[in-house]
Amino acid sequence: LAALTPEVERAADGIIAALQRSLAEASEGLGTPTDQPLEIRLRTATTLLSASNPAWLEKGLQLRDARAQNPGSADIALQWCLHLFARLVLANPFTGISRSERDEIESEIEATVLDCLPLIETNPLLMLAAAKLLYFVDRGHLELAEDLADRAFARTADFAAALPVLGQLRQARSDFTAALAFFDRGIEMAGSDSEFQMHMRVLKCIAVLAAGDREALKAAAAFSYES
């Protein structure tokens with residue numbers, strides 16, 4: 001048994017190294033700095049997809065120039081789509097964007113994401129971004145979005161950035177049990193009082209409300225009085 005110990009240790013070290021490489025690759029893209037420690041990169045990745053991140057609004061001119069310089073980059077193209085997404089979600093509902101302009105923007109998001117799909121098969125973070133955007137435009141791509149998100153999650157183990165997307169996709173299928181499991185896992189993984197935790201709690205409230213469980217909603221919404 002003692003003779004096997006070095007081999008077991010080498011195997012364990014190899015597994016840990018492989019997991020670290022997998023998580024590092026999962027956090028690449030969407031402008032995440034590759035020179036930061038892995039923990040910070042993973043935390044950044046969760047915020048990029050966790051909500052309609054206002055930071056995307058500020059990058060419009062920068063991303064437009066970047067697309068002109070590198071039109072073949074799926075990463076930059078999806079960042080541009082997240083900028084468009086933020087414009088739609090954060091616009092004033094009364095004075096912000098007309099119905100026709102909204103339709104045009106959603107059409108651009110849809111077409112751009114579909115064009116990018118062959119180029120992002122090896123990048124879980126970009127696959128999650130594509131799944132989120134296809135779910136958002138709601139133009140009959142739910143199965144495709146689920147496939148992208150499920151395959152991205154399978155390659156990254158317990159990757160927090162995937163949890164809100166997966167939960168929303170399950171909720172769209174009225175599978176509230178599965179949706180709440182993803183949201184609860186996200187709440188468990190999130191740092192206390194973090195933006196990501198707040199986002200996951202809000203998503204959980206929406207899912208419980210959609211499920212018609214008023215009693216569970218009272219408990220789920222209790223955090224709002226403490227925040």
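The values are calculated or read from the model by the stated rules, or taken from the named source; none is laboratory data. Predicted model only: the values in this text are computed from it and were never measured. When we count neighbours, we look across all protein chains shown, and the Cβ atoms used for this are built from the backbone with ideal geometry, even at glycine. Side chains are part of the model used for accessible areas, which takes the heavy atoms of the whole protein and leaves out ligands, DNA and RNA. Shrake-Rupley method; radii C 1.70, N 1.55, O 1.52, S 1.80 Å.
Assigned to a helix (DSSP H, G or I), under 20 Å from L48 (Cβ atoms) and either out of contact with any strand residue (DSSP E or B) (no Cβ under 7 Å at 6 or more places or on another chain) or in contact (Cβ under 8 Å) with a residue 60 or more places away in the chain (or both): is that true of L166 in this structure? Break it down stepwise before answering.
Numbers: assigned to a helix (DSSP H, G or I): yes; under 20 Å from L48 (Cβ atoms): yes; either out of contact with any strand residue (DSSP E or B) (no Cβ under 7 Å at 6 or more places or on another chain) or in contact (Cβ under 8 Å) with a residue 60 or more places away in the chain (or both): yes.
When the stated conditions are applied, L166 passes them.
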query = In this structure, is G186 out of contact with any His (no Cβ under 6 Å at 6 or more places or on another chain) and part of a loop (DSSP other than H, G, I, E, B)?
reply = no
ask   = Among the residues of the range 206-215 satisfying the criterion of being open to solvent by 40 Å² or more (accessible area, probe 1.4 Å) and either closer than 18 Å to A178 by Cβ or of a type in the set (S, T, Y) (or both), which is nearest to the chain's Cα centre (by Cα)?
value = I206
key: Which listed residue, of A2, A12, A17, is out of contact with any Leu (no Cβ under 9 Å at 6 or more places or on another chain), modelled with pLDDT under 80 and open to solvent by less than 40 Å² (accessible area, probe 1.4 Å)   = A17
query = Checking Q36 against (1) over 20 Å from I120 (Cα atoms); (2) among the polar types (S, T, N, Q); (3) surrounded by 15 or more Cβ atoms within 10 Å (Cβ to Cβ), which test does it fail?
reply = (3)
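Yes/no matrix, rows are residues, columns are (1) modelled with pLDDT under 95; (2) open to solvent by 30 Å² or more (accessible area, probe 1.4 Å); (3) in contact with a Ser or Thr (Cβ under 9 Å, 6 or more places away or on another chain):
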residue: T95; (1), (2), (3): yes, yes, no
residue: I109; (1), (2), (3): no, no, no
residue: P118; (1), (2), (3): no, yes, no
residue: A131; (1), (2), (3): no, no, no
residue: F153; (1), (2), (3): yes, yes, no
residue: S174; (1), (2), (3): no, yes, no
residue: L180; (1), (2), (3): no, yes, no
key: Test for A45: is it open to solvent by less than 30 Å² (accessible area, probe 1.4 Å), assigned to a helix (DSSP H, G or I) and within 25 Å of R139 (Cβ to Cβ)   = no
message = Go through the range 133-151 and report how many residues are buried (at least 18 other Cβ atoms within 10 Å of the Cβ) and more than 16 Å from the chain's Cα centre (by Cα).
response = 1
query = Where residues in the range 189-203 are open to solvent by 50 Å² or more (accessible area, probe 1.4 Å) and either assigned to a helix (DSSP H, G or I) or within 17 Å of L128 (Cβ to Cβ) (or both), which of them is modelled with the lowest pLDDT?
reply = E195
query = So L125 fits all but one of (1) closer than 19 Å to R185 by Cβ; (2) surrounded by fewer than 24 Cβ atoms within 10 Å (Cβ to Cβ); (3) touching a residue at least 12 places away in the same chain (Cβ under 8 Å); what number is the exception?
reply = (2)
request  = Could you please let me know if L84 is in contact (Cβ under 8 Å) with a residue 60 or more places away in the chain, open to solvent by less than 60 Å² (accessible area, probe 1.4 Å) and not basic (K, R)?
outcome  = no
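Residues being open to solvent by less than 40 Å² (accessible area, probe 1.4 Å) and more than 30 Å from L42 (Cα to Cα): count how many of those fall in the range 97-107. Let's see the steps before the verdict.
Residues of the range 97-107 open to solvent by less than 40 Å² (accessible area, probe 1.4 Å): 97, 105-106.
Filter again for more than 30 Å from L42 (Cα to Cα), leaving 97.
Residues flagged as open to solvent by less than 40 Å² (accessible area, probe 1.4 Å) and more than 30 Å from L42 (Cα to Cα) within the range 97-107 amount to 1.
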query = List, please: which pairs have Cβ atoms under 6 Å, are six or more places apart or on different chains, and start with a residue in the range 55-75 that is closer than 17 Å to L88 by Cα and open to solvent by less than 80 Å² (accessible area, probe 1.4 Å) and end with one that is among the polar types (S, T, N, Q) and part of a helix (DSSP H, G or I)?
reply = L63/Q79
